[in-house]
């Protein structure tokens with residue numbers, strides 16, 4: 001029973017950190033690899049960790065929504081969605097997490113996450129979260145001020161009325177837990193390659209390592225796909241040791257995320273693409 005409660009509590013976190021998806025590329029991997037690192041890390045990350053701007057010809061999947069079924073030990077744990085659209089000069093990503101079935105009856109989750117980033121650099125600009133998990137209800141907002149090299153974290157506890165404001169040092173460019181996998185999908189996904197980059201979440205920055213483990217065929221409700229499997233985990237910062245995430249992107253220019261798995265000490269969750277919607 002304890003594991004079920006833990007599974008429900010972690011659903012939103014795992015949706016947030018794994019259901020963050022990709023965008024199609026119009027160029028070859030070599031176009032991206034040829035670009036120099038424009039944002040070398042300086043604060044709170046490894047020297048080699050950096051955000052690389054998208055390659056020439058990169059197109060974002062504006063208007064596309066990915067809908068995932070979430071399973072925990074063969075139980076239906078919930079549904080996750082991720083949608084991208086253009087919002088003025090920014091790219092906007094909206095992710096939702098909703099518990100279902102047994103998990104929902106024990107620990108209801110209704111979360112929404114909205115992130116914006118600069119499409120020219122992949123640098124995140126803002127992350128907003130509305131969290132409803134059991135009796136917990138709170139709103140948070142993180143803005144990234146690259147001029148001052150600071151993140152500004154604001155939290156409003158909707159149950160107690162408590163407010164928190166925290167400023168933290170950040171590198172010259174970071175991604176975030178909502179849009180981070182769009183960034184991963186833009187990288188050269190060559191088996192054996194490893195990429196590290198800084199990721200900001202709440203009032204902290206972590207360095208994430210993504211390794212391309214290989215190619216394989218995957219069958220999900222949306223169909224059968226040839227994919228590239230990516231393993232991602234934090235190697236420094238507050239997320240170290242919290243778990244490992246695998247993402248299966250289609251092995252084509254679209255880089256569609258068709259399956260994701262997250263493994264922690266208490267068990268694992270599996271996300272399978274149910275359908276792709278276009279608005």
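Scan the range 110-148 residue by residue and report those that are within 16 Å of residue 176 (Cβ to Cβ) and assigned to a loop (DSSP other than H, G, I, E, B).
Once the filter is applied, which keeps residues that are within 16 Å of residue 176 (Cβ to Cβ) and assigned to a loop (DSSP other than H, G, I, E, B), the range 110-148 yields 118, 119, 121, 122, 123, 146.
Looking at (1) on the phi > 0 side of the Ramachandran plot; (2) touching a residue at least 12 places away in the same chain (Cβ under 8 Å), find the lone condition where residue 50 falls short.
(1)
Matching residues to (1) out of contact with any strand residue (DSSP E or B) (no Cβ under 6 Å at 6 or more places or on another chain); (2) buried (at least 17 other Cβ atoms within 10 Å of the Cβ):
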| position | (1), (2) |
| --- | --- |
| 117 | no, yes |
| 131 | no, yes |
| 139 | no, no |
| 145 | yes, no |
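Given (1) in contact with a helix residue (DSSP H, G or I) (Cβ under 8 Å, 6 or more places away or on another chain); (2) closer than 27 Å to residue 258 by Cβ; (3) surrounded by fewer than 23 Cβ atoms within 10 Å (Cβ to Cβ), identify the lone condition not met by residue 181.
In the conditions (1) in contact with a helix residue (DSSP H, G or I) (Cβ under 8 Å, 6 or more places away or on another chain); (2) closer than 27 Å to residue 258 by Cβ; (3) surrounded by fewer than 23 Cβ atoms within 10 Å (Cβ to Cβ), residue 181 misses (3) alone.
Which pairs have Cβ atoms under 9 Å, sit 6 or more apart or on different chains, and link a residue in the range 216-233 that is free of Cβ contacts under 8 Å to residues at least 40 places away in the same chain and at positive phi to one that is surrounded by 17 or more Cβ atoms within 10 Å (Cβ to Cβ) and in a strand (DSSP E or B)?
Note: pairs meeting the criteria are 223/258; 223/273.
Tell me which residues, restricted to the range 228-253, are modelled with pLDDT of 90 or more and assigned to a loop (DSSP other than H, G, I, E, B).
251, 252
Quick check: anything in the range 57-80 at pLDDT below 90, buried (at least 18 other Cβ atoms within 10 Å of the Cβ), over 24 Å from residue 227 (Cα atoms) and touching a strand residue (DSSP E or B) at 6+ places or on another chain (Cβ under 6 Å)?
The answer is yes, given that some residue of the range 57-80 is at pLDDT below 90, buried (at least 18 other Cβ atoms within 10 Å of the Cβ), over 24 Å from residue 227 (Cα atoms) and touching a strand residue (DSSP E or B) at 6+ places or on another chain (Cβ under 6 Å).
Hey, could you check the range 190-200 for residues that are in contact (Cβ under 8 Å) with a residue 60 or more places away in the chain and buried (at least 24 other Cβ atoms within 10 Å of the Cβ) and say which is farthest from residue 50 (Cα to Cα)?
200
Quick check on residue 215: is it part of a strand (DSSP E or B), within 18 Å of residue 80 (Cα to Cα) and over 18 Å from the mean Cα position of the chain (by Cα)?
So residue 215 fails the test.
Just to be sure before I move on: is residue 88 more than 19 Å from the chain's Cα centre (by Cα) and closer than 30 Å to residue 173 by Cβ in the structure I sent?
Judged against the criteria, residue 88 is a match.
Is it the case, given these coordinates, that residue 210 is touching a residue at least 12 places away in the same chain (Cβ under 8 Å), assigned to a strand (DSSP E or B), on the phi < 0 side of the Ramachandran plot and in contact with a strand residue (DSSP E or B) (Cβ under 9 Å, 6 or more places away or on another chain)?
yes
Looking at the structure I just gave you, is residue 86 at pLDDT 95 or above and either outside any helix (DSSP H, G or I) or surrounded by 22 or more Cβ atoms within 10 Å (Cβ to Cβ) (or both)?
Answer is yes for this residue.
Under 9 Å between Cβ atoms, which residue pairs at least 6 apart in sequence (or on different chains) link something in the range 98-122 that is touching a residue at least 40 places away in the same chain (Cβ under 8 Å) and on the phi > 0 side of the Ramachandran plot with a partner that is in a loop (DSSP other than H, G, I, E, B) and crowded, with 20+ Cβ neighbours inside 10 Å?
Close Cβ pairs satisfying both conditions: 122/52; 122/53; 122/54; 122/173; 122/179.
The values are calculated or read from the model by the stated rules, or taken from the named source; none is laboratory data. Remember, predicted model here, so these are calculated numbers, not experimental data. All Cβ positions, glycine included, derive from the backbone under ideal geometry; neighbour counts span all protein chains shown.
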